[in-house]
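The values are calculated or read from the model by the stated rules, or taken from the named source; none is laboratory data. In this text, all values refer to a predicted model and were calculated from it rather than measured experimentally. Neighbour counts are summed over all protein chains in view; Cβ atoms, including those assigned to glycine, are modelled from backbone coordinates with ideal geometry. Ligands, DNA and RNA are stripped out before the accessible areas are found, and what is left, the full protein with its side chains, is counted by its heavy atoms. Shrake-Rupley method; radii C 1.70, N 1.55, O 1.52, S 1.80 Å.
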Amino acid sequence: MHPQALFHIFGQPVYAYGICMAVGIIACFIFLMWAFWFRNFNEEASDKILIIGVVATAFGIFMAMVFQSVYNYIENPAAGFVLNTSMTFYGGLIGGVSSFLIVWNLYVFVIAPRAKSKLLKNNMNASLCDALPIIPIGITIAHAFGRLGCFFGGCCYGAETDAWYGIACQAIGGINTGVKVIPTQLFECIFLFVLSAVMALLYFKFRFNCNFGLYALAYGVWRFAIEFARDDHRGDFVAGLSPSQFWAIIMVVLGIGYFFAYKYWFTRFMKHPELQPSLRGKDGEKTEEVSAE
């Protein structure tokens, strides 16, 4: 673990945690750009999904800080509400997903139908339902790198252990203690990379379109279980459950619900760009786009 700054740029410290987060976000968007291209999304569909995704990512980071600050306030109201840079993943996920859905639906159902500008009209050959099987793969990639950053930053660690897999933690309470703990960050990092690979295989090889449900279900179960091994207190939220376990249960319920929503609702909104005339030539170069109208 390396919570100290790696170097400084213009006097500002740069940490391994921040680098891992940046690499994860960049890797996520590079993957999404490639996947949309590979699945024949036209340029407009790819650009608008990615632009809204950037906005949602920024808002998600902000909400990750807000959620952790709320947890801190609930645990110690006397200290007052203070927005700090500590973050919690579920806050980022909830903030990012909800903001994406709000902006997307506002554009598709309110702005685009009334737009006179060609730039704002909806000529996408893919819907959000076509992108939903792909997006969670990108999320898990970014999250996996984020957990690697947690390892370097010395947060999200596990309980003390004398087992062979224990790793000395340098940041418990901000003090270099050298106490060996369960590296829950690395375990989750590995789990997330495996989950992203499984979802990619299911989607690209078997055309499995319920990755969002699988992601919510699998990560919810994992996170509920791994919380028993974690030892970085994040505040009290619901009696008998950590904040993350509470949200893990919600995530599992939503994941199960997604399968039913896909079967009875989402399939009606899919445009299946991969089945439309290709936008790429023999050498992979883009050809004339086919209008979605």
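So here's what we get for this one:
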item: Count, lysine Cα pairs under 28 Å in the range 48-206, 8 or more residues apart or across chains; result: 4
item: Taking the C-alpha atoms of the chain, convex hull volume expressed per residue in Å³; result: 182
item: Length released on extending from LEU201 to ALA78, taking residue separation times 0.36 nm less the Cα-Cα span; result: 39.3 nm
item: Estimated inter-spin distance, VAL253 and TRP34, nm [label 7 Å along Cα→Cβ]; result: 3.8
item: Charge dipole magnitude, Cβ of K and R +1, D and E -1 - the range 189-266, Cα centre, debye nearest 20; result: 440
item: Charge dipole (debye, nearest 20) of the range 78-206; +1 at Cβ of Lys and Arg, -1 at Cβ of Asp and Glu; result: 760
item: Of every Cα-Cα pair in the range 22-119, the percent that sits beyond 15 Å; result: 69
item: Alpha-carbon gyration tensor eigenvalues x 5, square-rooted, for the range 35-88, Å; result: 38, 9, 6
item: Spacing of the two label points (7 Å from each Cα toward its C-beta) at SER117 and ASP162, in nm; result: 6.7
item: Selection from ILE141, CYS28, PHE208, by position along the positive dipole direction of the chain (Cβ); result: PHE208
item: Among ALA197, ALA163, ALA142, residue whose mean-square fluctuation peaks in a GNM of the chain (springs only between Cα atoms under 10 Å); result: ALA163
item: Nearest-0.05 FRET efficiency for ILE51 and TRP265, computed from C-beta distance (R0 30 Å); result: 0.70
item: Lys, Arg +1 and Asp, Glu -1 on Cβ, resulting dipole of the chain about Cα centre, debye, nearest 20; result: 760
item: Candidates ARG39, ARG207, ARG223, ranked by Gaussian network fluctuation over the chain, Cα under 10 Å, top entry; result: ARG207
item: Accessible area per residue, Å², the chain with all protein chains present, probe 1.4 Å; result: 53
